[in-house]
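Data block below; observations after.
The values are calculated or read from the model by the stated rules, or taken from the named source; none is laboratory data. Just so we're clear, the structure is a prediction, and the values are computed from it rather than from any experiment. Note that we place each Cβ from the backbone using ideal geometry, even for glycine, and neighbour counts take in every protein chain shown.
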Amino acid sequence: MIITTRRTALIAGASLLAAPGLVRAQEGPIRLGTLTPLTGAGGPYGPVMANGVRAVVNEVNAAGGVRGRQVQLVSEDDQTNPEAGVRAARKLIDVDRVATIMGTWASAVTTAVAPLCWESRTFLATVSGADSITALPHNGWLIRTQPNTTLQGRKFGEYVVELGARKAVFMAPQTPFTQSQVTNMKPPIEAAGGSIDLLIYDATKPSLRTEVDQVLRARPDIIVLGGYTPDTTVLLRDIFRAGFRGKLLAYAYSVNQQMISSLPNDVTEGIHTLAPSPAEGTSAFDRVKRIAGTDNPDPYTCQIYDQINLVLMAMAVGNDATGQGIRDNIRKVSQGGGDRVDNAVDGLRAIAAGRKVDYDGASGPCDFTDAGDITDCKFRYEQVRGGRQVLIRIA
Amino acid sequence: MIEALLQALINGVIAGTILAVPALGFTAIFAVLNYPNFAIGALATVGAYAGWAGNTALGLPMVAALALAFAATAVAGLAVQWVAVKPLESAGALMMAIASLAAGLVLENALRFTFGNDLRGYDLPLLRDWRFGEFRVGPQQVQNFALALAAMALLWAFLRYSRTGRAMRAVADNRDLALLRGVDPVRVAAVTVAVGAGLAGMGGMLIGLDTSVDPLVGNRLILSIFAAAVLGGLGSIPGAVAGAIAIGVAEELAVLAFNPAYRLVVGFVVILAVLTLRPAGLFGARAS
């Protein structure tokens with residue numbers, strides 16, 4: 001009898017130890033992570049993004065959680081720096097044991113963090129644009145809500161032609177998307193008989209006068225600015241001082257309202273900007289407006305709002321709150337028809353009732369290719385006039 | 001090509017002169033206290049914010065804002081010295097350097113916590129450059145150049161003619177002899193840190209004037225400052241000025257020769273070359 005008891009206890013103990021992490025992970029609260037740039041060049045976006053996710057998590061917890069389990073959110077700072085991003089990702093994966101990491105912003109950070117995620121079976125949802133990211137051997141462990149640079153580069157190239165420019169220079173720091181951006185801008189510009197050159201600069205330099213001189217010697221009629229906000233500010237001042245009178249085109253994430261307010265109007269007047277457009281006018285976009293407390297939420301907050309909603313619903317539909325569960329089920333809630341939902345609370349309710357859902361988000365329809373890219377996205381064309389960004393069109 | 005070279009030379013001399021101001025602060029602290037104060041980058045950021053606040057919130061003109069930047073950074077520098085560095089004095093120069101590095105991180109993040117990550121611009125009109133044929137020079141550049149020269153002239157006069165300045169030089173030349181002559185080491189150390197940090201703050205503000213102010217203003221300079229001081233000879237005042245101008249010119253000329261993305265290499269190559277070929281630097285005798 002004693003032997004049996006001892007044996008039973010041993011078996012019970014051994015099986016407890018041998019039980020796969022999966023079983024233990026299926027108990028207690030669900031842990032999810034955000035890894036956004038709270039500091040560094042992405043600092044204006046990261047805090048708002050993390051707050052957006054927290055708001056969704058709070059709503060879902062108040063409505064009873066995911067299949068009865070509460071959701072715990074851990075937010076870390078990648079400092080817009082790959083090395084800091086890797087350290088923070090390690091903490092999220094090894095210490096907090098999150099099922100997913102959401103919101104990596106700079107392409108260099110995402111590129112560094114992605115292998116850690118797929119090796120540890122942690123799902124990664126990013127807002128980075130570099131083509132190379134979805135070309136990584138991630139095997140389905142990664143999606144992105146931002147259009148890739150193939151699409152963005154082509155749009156920039158077409159817009160350069162539309163603005164009547166023929167001789168373009170792309171000035172950018174070294175990033176994972178710099179080369180593919182230029183490569184994809186080239187075909188439409190060259191088809192119109194124009195040309196484009198590239199100048200890579202050091203983003204930490206306090207003055208870029210010599211670089212601007214070098215660019216102006218080629219007498220371009222448009223300069224395309226490919227940097228982040230701090231270095232683009234330096235660049236714009238030096239371009240203005242040099243007396244350049246041609247056109248300027250930039251990413252809207254660098255020439256944003258905050259930067260426009262910090263520079264004299266003369267310097268920013270007339271700059272054209274282009275950005276993937278959130279799905280304005282949709283109910284999901286209205287929800288993000290309310291959460292972010294602004295009528296004009298940035299694209300990244302819209303995207304991470306979509307990511308958290310998709311993640312929560314994917315876990316519910318597969319009844320599996322691990323990274324594997326998200327990876328295997330996310331496309332079952334993002335596309336393929338079903339009840340149209342714009343938030344996780346409604347989606348979770350529909351899933352509990354046994355219905356299929358198809359999420360339409362604040363950043364767009366959120367349908368993904370096998371590689372993890374979105375299939376469709378609109379762009380927002382704006383121009384700075386009198387110290388404000390004026391919408392030209394969304395197309 | 002000659003025009004490009006000359007233009008880069010002009011830009012380099014101006015950038016180097018402004019870099020010389022914080023490099024002087026760094027080297028002065030090294031000369032008297034015998035440790036490299038790596039909080040200098042964060043102190044430059046403190047100065048940039050102090051000057052910006054003085055200019056935009058209090059409406060101070062440039063020279064007054066520069067004086068405020070000097071004063072605020074002097075106080076911050078003394079705080080770093082007394083709270084973080086001094087308690088580790090007995091542990092040696094390396095520990096003091098590490099303590100200053102840590103204190104710099106604290107300062108930088110305190111600024112980030114207070115002011116956020118937003119870029120701040122001075123309340124100044126941005127003017128187009130003056131053109132002289134193929135060359136151009138910015139009015140702001142010229143003003144900053146003049147302010148940097150004035151700050152250096154004041155420092156020179158202070159070291160040359162004031163009793164405290166002479167005491168500082170005496171401690172830097174021969175500490176034991178100076179103490180025997182009755183120089184108060186605590187007072188000299190405090191004045192050196194205040195002046196050194198103040199100069200870093202002025203440098204930070206001058207760079208902020210030309211660019212914009214954010215919590216990483218000083219951080220971006222630290223390698224160039226260190227390279228300038230090493231090149232000139234750690235602890236040598238004229239060496240810091242010459243080193244800074246040489247680094248400024250080299251960084252600008254490098255843009256013409258290499259891909260600008262490799263600019264950072266310039267600083268490292270200079271440090272490596274000096275430490276290998278002439279560890280004392282151009283003007284220094286102390287390191288050898």
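Out of curiosity, is residue A:374 at pLDDT below 95, of a type outside the set (Ser, Thr, Tyr) and either buried (at least 17 other Cβ atoms within 10 Å of the Cβ) or closer than 30 Å to residue A:135 by Cβ (or both)?
So residue A:374 fits the description; yes.
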(request) Hey, could you check region A:274-290 for residues that are touching a strand residue (DSSP E or B) at 6+ places or on another chain (Cβ under 9 Å) and not in a strand (DSSP E or B) and say which is surrounded by the fewest Cβ atoms within 10 Å (Cβ to Cβ)? (result) A:280
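I need a count of the residues in region B:140-175 that are part of a helix (DSSP H, G or I) and either within 21 Å of residue B:191 (Cβ to Cβ) or touching a strand residue (DSSP E or B) at 6+ places or on another chain (Cβ under 7 Å) (or both).
So the answer is 24.
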(request) Considering (1) more than 22 Å from residue A:259 (Cβ to Cβ); (2) at the interface with chain B (Cβ under 10 Å from one of its Cβ atoms), say which one residue A:194 fails and leave the rest. (result) (2)
(request) For region A:236-250, indicate whether the set of residues that are of a type in the set (Gly, Ala, Ser) and within 11 Å of another protein chain (Cβ to nearest Cβ) is non-empty. (result) yes
(request) For residues that are of a type in the set (S, T, N, Q) and within 12 Å of another protein chain (Cβ to nearest Cβ), scanning just region B:92-143, find the one that is farthest from the chain's Cα centre (by Cα). (result) B:117
(message) Checking residue A:387 against (1) surrounded by fewer than 21 Cβ atoms within 10 Å (Cβ to Cβ); (2) in contact with a strand residue (DSSP E or B) (Cβ under 9 Å, 6 or more places away or on another chain), only one condition comes out false. Which one?
(response) (2)
(request) Output yes when any residue across region B:238-256 is at pLDDT below 85 and either crowded, with 22+ Cβ neighbours inside 10 Å or over 26 Å from residue B:116 (Cβ atoms) (or both), and no when none is. (result) yes
(request) Just give me the residues in region A:348-371 being of a type in the set (A, V, I, L, M), over 17 Å from residue A:326 (Cβ atoms) and surrounded by fewer than 23 Cβ atoms within 10 Å (Cβ to Cβ), in sequence order. (result) A:350, A:352, A:353
(request) Filter region A:27-57 for residues that are hydrophobic (A, V, I, L, M, F, W, C) and out of contact with any helix residue (DSSP H, G or I) (no Cβ under 6 Å at 6 or more places or on another chain) and give the result. (result) A:30, A:32, A:50, A:57
(request) Filter region B:258-279 down to residues that are within 11 Å of chain A (Cβ to nearest Cβ) and surrounded by fewer than 19 Cβ atoms within 10 Å (Cβ to Cβ) and give me whichever is nearest to the chain's Cα centre (by Cα). (result) B:264
(message) Need pairs with beta-carbon distance below 8 Å; first residue over 12 Å from residue A:303 (Cα atoms) and within region A:129-147, second assigned to a loop (DSSP other than H, G, I, E, B) and among the small types (Gly, Ala, Ser); sequence gap 6+ or separate chains.
(response) A:134/A:371; A:134/A:372; A:135/A:371; A:138/A:372; A:140/A:372; A:142/A:372
(request) Sort out for me the helices (runs of 4 or more DSSP H) sitting completely within region A:49-144 that have 3 or more residues that are aliphatic (A, V, I, L, M) and more than 25 Å from residue A:285 (Cα to Cα). (result) A:82-90, A:107-119
(request) Kindly indicate the residue of region A:182-202 that is under 30 Å from residue B:19 (Cα atoms) and touching a Ser or Thr at 6+ places or on another chain (Cβ under 9 Å) and also surrounded by the fewest Cβ atoms within 10 Å (Cβ to Cβ) among those meeting that condition. (result) A:198
(request) Among the numbered conditions (1) away from every other protein chain (no Cβ under 14 Å); (2) buried (at least 18 other Cβ atoms within 10 Å of the Cβ); (3) under 26 Å from residue B:241 (Cα atoms), tell me where residue B:183 comes up short. (result) (3)
(request) Would you be able to tell me the number of residues in region B:176-198 that are part of a loop (DSSP other than H, G, I, E, B) and small (Gly, Ala, Ser)? (result) 1
(message) touching a residue at least 60 places away in the same chain (Cβ under 8 Å) and hydroxyl-bearing (Ser, Thr, Tyr): which single residue out of A:159, A:201 fits that description?
(response) A:159
(request) Report yes if some residue within region A:90-101 is in the same structural domain as residue A:319 (by TED's automatic domain parsing), at negative phi and among the basic types (Lys, Arg); otherwise report no. (result) yes
(message) Residues that are more than 9 Å from chain A (Cβ to nearest Cβ), assigned to a helix (DSSP H, G or I) and surrounded by fewer than 24 Cβ atoms within 10 Å (Cβ to Cβ): does region B:199-222 have at least one?
(response) yes
(message) Can you say whether residue B:235 is crowded, with 21+ Cβ neighbours inside 10 Å, within 24 Å of residue B:100 (Cα to Cα), out of contact with any Pro (no Cβ under 6 Å at 6 or more places or on another chain) and more than 10 Å from chain A (Cβ to nearest Cβ), as far as the supplied structure shows?
(response) yes
(message) Can you say whether residue B:284 is part of a helix (DSSP H, G or I), buried (at least 16 other Cβ atoms within 10 Å of the Cβ) and more than 14 Å from chain A (Cβ to nearest Cβ), as far as the supplied structure shows?
(response) no
(request) Just one of (1) under 18 Å from the mean Cα position of the chain (by Cα); (2) surrounded by fewer than 24 Cβ atoms within 10 Å (Cβ to Cβ) trips up residue A:59, so point out which. (result) (1)
(request) Considering each residue of region A:146-168, count those that are β-branched (Val, Ile, Thr) and buried (at least 23 other Cβ atoms within 10 Å of the Cβ), and give that number. (result) 2
(message) Condition first: among the hydroxyl-bearing types (Ser, Thr, Tyr) and free of Cβ contacts under 8 Å to residues at least 24 places away in the same chain. Now tell me which residues in region A:275-297 satisfy that.
(response) A:294
(request) Just name the residue that is farthest from the other protein chains (Cβ to nearest Cβ) out of those in region A:199-225 that are at pLDDT 95 or above and either under 30 Å from the mean Cα position of the chain (by Cα) or in a helix (DSSP H, G or I) (or both). (result) A:222
(request) Could you tell me whether region A:168-181 includes any residue that is of a type in the set (S, T, N, Q) and modelled with pLDDT of 95 or more? (result) no
(message) Considering only residues that are in a loop (DSSP other than H, G, I, E, B) and either more than 14 Å from chain B (Cβ to nearest Cβ) or under 20 Å from the mean Cα position of the chain (by Cα) (or both), which ones fall in region A:251-273?
(response) A:252, A:253, A:254, A:255, A:256, A:270, A:271
(request) Identify the residue in region B:10-42 that is away from chain A (no Cβ under 14 Å) and of a type in the set (Ser, Thr, Tyr) and, among all such residues, is surrounded by the most Cβ atoms within 10 Å (Cβ to Cβ). (result) B:27
